[in-house]
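J.: Input: one structure, supplied below.
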Amino acid sequence: MGKFVGHYAPWLLAFPIGALIVVTLTADPSSSVPWPVVVVPLVVAGFLGLSLLAHTRRLCERCVAALPLDAAKVADRYGRRFRTAHLFESRLFALGYLAVVAGASFFYDNPVAKYPVAAVEASLAYLLFAYVTHQRLQPWCPHCKHGGEEQITPVTPTPVTVGA
């Protein structure tokens, strides 16, 4: 079950993120949100996040079977997702993004700020799909430099021997 849940966790994680966006946009600022509405999606998201991490630790036959035959051509279409995934290599950027997400959560009850807060929450779903796309097409990512080891091997011509 863990392999199955881990394989489909990115798509399943979209549901708690969507629920979070719906709660942000529809919550009445004068009343508080009931705790099960907040806690249940967080528990589900935590379980799915751990399943996703466990899934990425080993080779998944379903993921390999789902690779397209022209993966290099498909990877060319996802340049923006690859750049987004590599933005988080910088700790300063990652911490800044986390600060924006955490800071936005303090303004969810403001009637004017709930739309930017929902946009920040929607960016979580985009980042999730950028991560999954990068993970599956990583050998063809132009930013990874072939697994981090860009080596150019010199081409030496083979000697030609002339038969006498």
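J.: When Thr56, Thr84 are ordered from fewest to most other Cβ atoms inside 10 Å of their Cβ, what list results?
T.: Least to most surrounded, the residues fall as Thr56, Thr84.
J.: In region 54-123, what GluC sites (Glu not before Pro) fall in a loop by DSSP, with at most 16 other Cβ atoms inside 10 Å?
T.: Answer in residue order: Glu89.
J.: So, one more: Hey, fewest Cβ within 10 Å first, where do Thr133, Thr156 land in order?
T.: Listing Thr133, Thr156 from fewest to most nearby Cβ atoms yields Thr156, Thr133.
J.: Counting trypsin sites (Lys or Arg not before Pro) as exposed when in a DSSP loop with at most 10 other beta carbons within 10 Å, what is the longest stretch of the chain free of them?
T.: Longest stretch, sites excluded: 78-164.
J.: Under a crude label model (7 Å from the Cα following the beta-carbon direction), how far is Thr156 from Glu89 in nanometres?
T.: Going from the Thr156 label point to the Glu89 one covers 3.1 nm.
J.: Using the Karplus equation 6.51 cos²θ - 1.76 cosθ + 1.60 (θ = phi - 60°), what ³J(HN,Hα) coupling, rounded to whole Hz, does each residue of region 90-96 give in order, writing x for Gly and Pro?
T.: Each residue's phi maps through the Karplus curve to give 7, 5, 5, 5, 4, 5, x Hz.
J.: For region 2-141, build the convex hull from the C-alpha positions and give me its volume per residue in Å³.
T.: Once divided by residue count, the hull of region 2-141 is 115 Å³.
J.: Here's a follow-up. Could you point to the residue in Val33, Ala65, Ala9 farthest towards the positive end of the chain's charge dipole, with +1 and -1 charges on the Cβ of Lys/Arg and Asp/Glu respectively?
T.: Ala65
J.: What does the helix-only formula give at 222 nm for the chain: each DSSP H stretch with n ≥ 4 adding -39500 (n - 2.57), the total divided by the residues, and the result rounded to the nearest 500 deg cm²/dmol?
T.: That comes out to -21500 deg cm²/dmol.
J.: To the nearest 20 debye, what charge dipole does the chain have about its Cα centre, counting +1 at the Cβ of each Lys and Arg and -1 at the Cβ of each Asp and Glu?
T.: The calculated dipole for the chain is roughly 280 debye.
Where a number appears in this text, it was derived from the coordinates with a stated rule and is not lab data. Predicted model, so just to flag it, every value in this text is computed and none were measured. In this analysis, Cβ positions are derived from the backbone assuming ideal geometry, glycine residues included, and neighbour counts consider all displayed protein chains.
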